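Every number in this text was worked out from the coordinates using simple rules, so none of it is lab data. Fair warning: this is a prediction, and the values are worked out from it, not measured in the lab. No Cβ is skipped: glycine too gets one built from the backbone with ideal geometry, and neighbour counts run over all protein chains shown.
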Amino acid sequence: MTMQMLLKLLAIAAVVLVGWVAGRTRWLGSDDAARVLSNAAFLVFTPALLFRTTARIDLTTLPWSLLAAFFVPVLGFAMALYLLQRRRAREDDAPAPAVRTISAIFGNQAQLGVPMATALFGEAGLAVHLTILSVHALTLLTLLTLLAEMDVAHARARTLGARPHLGRMLWTTARNTVIHPVVLPVIAGLAFNLTGATLPGAVDEILLMFAQAVVPLCLLAIGMSLAHYGLAGSLREALPLAAAKLLALPLLVALVGHFVAGLHGLPLTVMVLAAGMPTGSNALMFAQRYRSREGEATATIVLSTLGFVATAPLWLWLLLD
């Protein structure tokens, strides 16, 4: 663990602590303040970040083979975990399988991943990490949103006492997936990207200003949610999710990347560490969006971030030995 990484972890912990104090003392008002912050991040600032990112991606230079080596095992792991959770889901908590899945697969690629890749591997490692980061949210959030909306639509049909109509359910799922604060700005950004135009300077500055607010808002919301829910009540459920995020997922990426894709050295190391990043704050935003497993998502973020201090050196030792 480098000093830069340690300082980054301490900075994140400090902002979460400020949020926890704010939640305990109710500096920002009632218990709904955390939800308000999360909604602001999810509905206003994150769409700006996603649109700006996808509008500026150079699609012609993306190393698709490396992306496939990373995202095929990650998406396979996500679907396996989702199907397992769906078998155990309660009828009154339809989004829970998707919420639990995102807590176990969505890594903190920006706040921790970028400085880690830079500190450990320099520009070469950062280039590989940014390739993964550029489509990370687009790929995982779109998939999990689709699964959550499908389950919600199916549960709504059962609640109304009607047999789910496949065509109507698919239409509702597709509509709610596209008209969504995560997916819609991605689609709009990609559409703008394909025109070949560039964002006007003033527009880009406005979007950048909105995008820069995502991280502090999310960290404050995590702290406030932690103050509201605590850790004790969610430890049993959060521990397996944190273990899946820090150990099982990077192990799968390492095996597929090395034995199937034939990767080794720097690209493989950066990929595995990206897979082993602690759970990102988007998991809480997603949980609050669907009002499901919010305390569990918060606990998973906190536990995986603490556990990362031990697992990151472990993966570096195994991969660089």
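Extension gain for ILE206 to ARG24 (0.36 nm times residue separation, less C-alpha to C-alpha distance): 62.2 nm. Remark: spin-label model distance LEU318-VAL36 equals 4.5 nm, labels positioned 7 Å along the Cα→Cβ axis. Quote to one decimal, in nm, the extra length available between THR159 and LEU59 on full extension: 0.36 nm per residue of separation minus the C-alpha distance between them. Taking THR159 through LEU59 to full extension adds about 31.7 nm, to one decimal.
When shorter helices are ignored and each DSSP H run of at least 4 residues is given -39500 (n - 2.57), the per-residue value for the chain at 222 nm works out to -24500 deg cm²/dmol. Seen from ALA98, the other residues with C-beta closer than 12 Å to its C-beta sum to a net charge of +1, counting Lys and Arg as +1 and Asp and Glu as -1.
Sorting the Cα pairs of region 42-91 by distance into bins of 10 Å, from 0 upward, gives 20, 24, 36, 18, 2 percent per bin.
Computed over the alpha-carbon atoms, region 193-321 gives an Rg to Rh ratio of 1.08, Rh here being the Kirkwood radius from the mean inverse distance. Under a Gaussian network description of the chain, with springs only between Cα atoms under 10 Å, the residue in ALA197, ALA68, ALA13 that fluctuates furthest is ALA197. Compactness of the chain, taken as the C-alpha radius of gyration over 2.2 N^0.38 Å, stands at 0.98.
Taking trypsin sites (Lys or Arg not before Pro) across region 9-68, the ones in a DSSP loop with at most 14 further Cβ atoms lying within 10 angstrom of their Cβ are ARG26. The residues HIS154, HIS129, when put in order of fewest to most other Cβ atoms within 10 Å, stand as HIS154, HIS129. Distant-in-sequence amide contacts of GLY107, defined by a placed amide H-H separation under 5 Å and a gap of 5 or more residues or a different chain, comprise GLY280.
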